[in-house]
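Let me begin by presenting the structure, written as structure tokens, before commenting on it.
Just so you know, all these numbers are worked out from the coordinates, no wet-lab data involved. Given the structure is predicted, the values throughout are model-derived calculations rather than measurements. Here Cβ is always computed from backbone atoms with ideal geometry, including for glycine, and neighbour counts include all displayed protein chains.
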Amino acid sequence: MARYVVRQFLLSIAVLLAVSLIGFVLLRASGDLALRIAGAEALASDVAQVRAAHGLDRPLPLQYLGWAGHVLRGEFGRSLFFPEEVSTLIAQRLPITLGLGALGLGAALVIGLPLGTLSALRPNSLFDRAVLAIAVLGQAMPPFWLGLLLIILFGLQLGWLPVSGADSWRHLILPTAVLAIATMPSFIRLTRSGMIEALRADYIRTARAKGLNPFSVVVKHALRNALIPVVAIAAVQLGALVGGSVVLETVFGIQGLGYLAWESINRADFPVVQAIVLVLGAIYCLLTFISDLLHAYLDPQLRQQ
């Protein structure tokens, strides 16, 4: 088990290093950052001065090593647009994004697990087909399109809910619904397939033959084993929700880390963009690492291997 933990940890570090390098290179390849900072009408001397001031005139490997060295010391630099340190901006915006992702994940689990379980108890029934249709429809709808649709319906036409900001719990209902609908299909399918497989297992037949309560057979025996992959993938889904927050926070005007990324990209605030890519990559790698550990701990076969 210790060898498995060390291997997965080193793999996560390697992935994070690759993410930081690719993000750094792609940001430079997107265009002349010095020209974007100085402005399209800036003189060549002004652009050269900006390039030298931010170290953009150095070779790319030296730029990356210099930036990575500062990051290892906990220094992300200063924003080119906001009058604050990059670390301060991220510390202010990250809790909003994490909280929204946790709400979406929780709502998806609360709805998806019962639907998947009930669907497995009645395979190929009308209810089962309806649940699978909901799962397919939820996965097929782009989150930004669904968000705009909910804004038009519940915000503009019915006037029931606010459509932007995060000032109160009512502001979070629509974005949480979008995240839940986008995440729920995977939980429905995993729970359904795991329950169908578990209900056909020999230990379930033995439990039923002993005359155990049907509810106990389903919940305490079948569902416990069926939830192993669901628990493991929940951490990965949270990372995906946090990493995909740019579009959703922009649609709903939520001042989280995703909205900060969108603002920084538009303003060529490359120190902030670089830091956000690294932070989001670190969160995703950490949650994936936790998911691997949970899967190894909960699955006896994988733990023995």
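Some notes on this structure:
- Cα gyration tensor shape for the stretch 91-304, rounded if a/c is under 1.5, else prolate or oblate: oblate
- Panel order for 246, 178, 15, by other beta carbons found within 10 Å of each beta carbon, from fewest to most: 15, 246, 178.
- When the chain is described by a simple charge dipole with +1 on each Lys and Arg Cβ and -1 on each Asp and Glu Cβ, the residue from 121, 256, 92 located farthest towards its positive end is 121.
- Think of the chain as a dipole: +1 on every Lys or Arg Cβ, -1 on every Asp or Glu Cβ, centred on the Cα centre; then among 153, 232, 26, 232 lies furthest on the positive end.
- Interchain or long-range residues, amide H under 5 Å from residue 78's placed H: 86
- Angle of helix 228-243 to the longest C-alpha principal axis of the chain, folded into 0 to 90 degrees and rounded to 10: 20°.
- Between 0 and 90°, nearest 10: helix 126-140 axis offset from the chain longest Cα axis: 10
- Close amide H pairs (under 5 Å, H built 1.01 Å from N) link residue 201 with no residue at least 5 positions away or on another chain.
- Protection proxy ranking for 281-290, 18-27, 54-63, 248-257, using the average of other Cβ atoms within 10 Å per residue and placing the highest first: 248-257, 281-290, 18-27, 54-63.
- Here's the picture: a label point sits 7 Å out from the Cα of residue 266 along the beta-carbon direction, and within the stretch 150-169 the residues with their amide nitrogen under 16 Å of it are 164-165.
- Estimated FRET transfer efficiency when R0 is 41 angstrom, pair residue 53-residue 124 (beta carbons, to 0.05): 0.05
- Its Cα centre serving as origin, the stretch 91-304 has a Cβ charge dipole (Lys and Arg +1, Asp and Glu -1) of approximately 880 debye.
- The stretch 158-173 - phi-based ³J(HN,Hα) in whole Hz, Karplus 6.51/-1.76/1.60, Gly and Pro as x: 8, x, 7, 10, x, 10, 8, x, 9, 6, 8, 5, 5, 5, 8, 5
- Take the Cα of residue 236, step 7 Å toward its Cβ, do the same at residue 81, and the gap between the two points is 3.4 nm.
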